[in-house]
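Report on the structure given below.
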Amino acid sequence: MSRGKNMKNKIIYLGLLAIAITACSGSSKKEDSPLSLSVATPNGAPALAFYKHLKEGNLEINADPTNIITYMATGSKDVVVLPTNAGVKAIKAKGLNYQIAATITFGNFYLAGTGNDTDRALNEGDYVVLFQQNNVPDILFKYVYGDTFEQLDVHYVTAVSDAASCLVSKKNIADNNHAVDYVLMAEPALTTALGKNADAYQYSSVQEKYAEKTDNKMITQASIFINKNVAKKDADEFLGNVKDDINELLNNADTIDSYVEGIEDVTLASKIGGNATTIKNMINHNNRVGLGFKKAIDNKASIDSFLSLWPEIGETSEEIYYQ
Amino acid sequence: MILWYFISLSQGVGNLIFPTPIDVFEETFSLLGKSATYGWIGFSLLNTLKGFGISFALALIFGSLAGNFPKLQLVFKPLLIVLKSAPTAAFVFLFLALSNVQDASIWIVMLLAFPILYDSVVAGINNIDPNIIDAMKVDTKATLMPLVKVKLPLALPYILVGIASSFALSFKTEIMAEIITGNTDDGLGNAIRGFRNLDATNLVPIFAIALIAILIILIVDLLGYFLKRYLKGKYSI
């Protein structure tokens, strides 16, 4: 073989080798793609499901779930995430053009003791602080502690942040600094508050007590609702991606790091309820934020059981489920 | 400051209700040393300026019309009553439907600022010396030129009072609006929410942001003072 031909062959072999190396070095993970649908979600745990898209314009995280119902009413978003009871109620009452597709949060409520109650048992006369009267936290507490509720000295505060103040200070400032025995809390506020009051402790998990009372059904706290105008192919792809993203995060909490890089801690806390360190701790400790994914149609029994806490909503029919 | 200090001590629970001024000032300086703070300030100020600017332009138009044609004041009165008395929270959902969450707060600022600015333009024109108006009518039958060259400059003291009283209120409203519209992207209001989520029992950063908002208004007031002096000299008002 002449020298020229030899050199030409070497160049071809090197080129093929380079192509082969490039092809093999590619990641076996699927590429992250931006959100193809417009999404509105409440902040906190539901927003955490979209951790890969926090910097995208197609995702709106709103701190007030009632504002998201506005988007549902106007049909201006392809996907809305709402408290399951609020979303189903809106669909049934107003005939809105959405279907419940999946549940992504399964409860993050815990009853905490301040350290004031010497017998460390919830019983008659104990002073209990709840938040969001007549909303999900209050309704769940009444359900799981229904037998003792009337005997308790129950007082309400507006938000979980106010409840956290009661847990740390051991008193209710809004009630003349009355000593508090127990406080209903939500994560991650609970873990932060426990770190500030050495006497405080977690008394019980609302999720566990709910499961005991309902034969192991789940609290279907927040769910994904999809606009019926969205093409099935796009909806299925969206749901598949959300499921994969959630499972990836639950299997390895450190996954979140690369997606929140460059987002200030304060902004992150406003969106997903805490900074990256706090969120990772929640996930690594038995998934205390209650994140998960379950297709709604496969979970109808749990959804109906949860919604039975609101008698005015009634049982759901299959036509409001995305299939 | 001393009163603040004693109130915070009297509460006995430290930063849970009323942090001490020392803690707040320390946190304020710490926040002012971070670039993110200026992003929050910029977002809130920009939205305030947008809402305020649109309100001012509309107030000049409608206020000039009402000032020149008194019967129009009666026509506009019902609208002004609605704008002044309607609870803002009732309109949040409408503003979210009309625009996106980042811009909804601009509508809320407009809802607050427009009536105040409109009233100041109308009051300014109505309080011009009638002799000047009569003299103008002798000189010309035109409407627009006397309005722009004579009436509005003479109405300036009232308009400046309207601007001074409504801008600070607009800025405060913008911060509140960021919270009630649920915006989680940027702004001082969103920062307040973020700090509450980071640690619900620590009010020091919340008070620090309030102090930063006050400082911004003081700076704007100072700029307004110099602008007023310049305009006084230019228009001899």
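Candidate cross-link partners of residue B:172 among the aspartates and glutamates, defined by an alpha-carbon separation under 15 Å and a same-chain spacing of 8 or more, comprise B:221. Placing R0 at 25 angstrom, the Cβ-Cβ distance between residue B:231 and residue B:61 gives a FRET efficiency of 0.75 after rounding to 0.05. Relative contact order of chain A, taken over Cα pairs closer than 8 Å and 6 or more residues apart, is 26 percent. Averaged over the residues of B:198-209, the number of partner chain Cβ atoms lying within 10 Å of the residue Cβ comes to 5.
Identify, among B:230, B:219, B:126, the residue whose Cα sits farthest towards the positive end of the charge dipole of chain B, taking +1 on the Cβ of Lys and Arg and -1 on the Cβ of Asp and Glu, with the dipole about the Cα centre. Most positive-ward Cα: B:126. With the convex hull of the Cα atoms taken as the outline of the protein assembly as shown, the averaged projected area works out to 40.6 nm². Legend: mean number of C-beta atoms from other chains within 10 angstrom of residue C-beta atoms, peptide A:259-270, equals 6.
Rounded to the nearest 20 debye, the dipole magnitude of chain A is 1900 debye, with +1 charges on Lys and Arg beta carbons, -1 on Asp and Glu beta carbons, and the Cα centre as origin.
Taking all Cα pairs closer than 8 Å and separated by 6 or more residues, the relative contact order of region A:179-323 comes to 26 percent.
Listed by chain and number, the aspartates and glutamates whose C-alpha is less than 15 Å from the C-alpha of residue A:217, apart from same-chain residues fewer than 8 away, are A:208, A:298, A:304. Among the listed pairs A:52/A:271; A:89/A:228; B:50/B:151; A:228/A:300, those with a Cα-Cα distance over 23 Å are B:50/B:151. Note on region A:82-115 and region B:165-221: Cα centroid distance 30 Å, given to the nearest whole angstrom. Among rounded, prolate and oblate, which fits chain A when a ≥ b ≥ c are the square roots of the eigenvalues of its C-alpha gyration tensor, a/c under 1.5 means rounded, and a/b larger than b/c means prolate? Cα axes put chain A in the prolate bin.
Summarising the strand pairing of chain A, around 65 percent of its internal DSSP beta bridges are antiparallel.
Computed from phi, the 3J(HN,Hα) profile of region A:244-256 under the Karplus parametrisation 6.51, -1.76, 1.60 (θ = phi - 60°) reads 5, 5, 5, 5, 5, 5, 5, 6, 8, 4, 5, 3, 5 Hz, with x in place of Gly and Pro. Taking trypsin sites (Lys or Arg not before Pro) across region B:83-187, the ones in a DSSP loop with at most 11 further Cβ atoms lying within 10 angstrom of their Cβ are B:141.
When the accessible areas of A alone and B alone are added and the area of the pair subtracted, with a 1.4 Å probe, the result is around 2300 Å², both sides summed.
If you add up the charges near residue B:158, with Lys and Arg at +1 and Asp and Glu at -1, over every other residue whose beta carbon is less than 13 angstrom from its beta carbon, what do you get? Neighbour charge sum, excluding residue B:158 itself: +1. Could you work out, residue by residue across A:59-68, how many beta carbons of other chains sit within 10 Å of that residue's beta carbon, and then give the average as an integer? Shielding by partners across A:59-68 averages 6.
Per-residue packing, averaged as other Cβ atoms within 10 Å, sorts the ranges B:182-188, A:85-91 into the order B:182-188, A:85-91, beginning with the highest.
Residues of region B:174-197 that lose at least 10 Å² of accessible area (1.4 Å probe, protein heavy atoms only) when the other protein chains are present, relative to their chain alone, are B:180, B:181, B:182, B:184, B:185, B:190, B:193, B:194, B:195, B:196, B:197.
With all protein chains kept in place, the per residue accessible area of chain A amounts to 46 square angstrom at a probe of 1.4 angstrom. For the protein assembly as shown, the fraction of 1.4 Å probe accessible surface lying on carbon and sulfur atoms is 59 percent.
Towards the positive end of the charge dipole of the protein assembly as shown, with charges on Cβ (+1 Lys, Arg; -1 Asp, Glu), say which of B:136, A:186, B:1 has the farthest Cα. Going by the charge dipole, the pick is B:136. By the rule of a C-alpha distance below 23 Å, with chain neighbours fewer than 8 residues away ignored, the lysines paired with residue A:171 are A:142, A:196.
Under the convention that each Lys and Arg Cβ holds +1 and each Asp and Glu Cβ holds -1, the size of the dipole of region A:69-211 around its Cα centre is about 720 debye. Would you jot down the residues in region B:81-109 that end up with at least 50 Å² less accessible area in the complete protein assembly than in the chain alone, with a 1.4 Å probe? In region B:81-109, residues shielded by partner chains: B:93, B:96. Ordering B:192, B:164, B:175 by Cα displacement along the dipole of region B:149-210 toward the positive end leaves B:164 in first place; charges were set at the Cβ atoms of Lys, Arg (+1) and Asp, Glu (-1). Charge tally around residue B:122: other residues with Cβ under 14 Å, Lys/Arg +1 each, Asp/Glu -1 each, net +3.
The dipole here belongs to region B:26-129: it is taken about the Cα centre, uses +1 on the Cβ of Lys and Arg and -1 on the Cβ of Asp and Glu, and is about 300 debye. Does any residue of region A:174-222 lose at least 20 Å² of accessible area with all protein chains in place compared with its chain alone, and if so which ones (probe 1.4 Å)? Residues passing the criterion (a loss of at least 20 Å², heavy atoms only) are A:192, A:196. Measuring r between the beta carbons of residue A:312 and residue B:219 and using R0 = 56 Å, the FRET efficiency lands at 0.60. Whole angstrom only: what separates the Cα centroid of region B:46-106 from the Cα centroid of region A:233-292? Centre-to-centre distance over Cα atoms comes out at 41 Å.
The values are calculated or read from the model by the stated rules, or taken from the named source; none is laboratory data. Predicted, not measured: the structure shown is a model, and the values here were computed from it. So basically every Cβ, Gly included, is an ideal-geometry build from the backbone, and we count neighbours across all protein chains shown. Remember, those area values only see protein heavy atoms, side chains included, never the ligands or the DNA or RNA. Shrake-Rupley method; radii C 1.70, N 1.55, O 1.52, S 1.80 Å.
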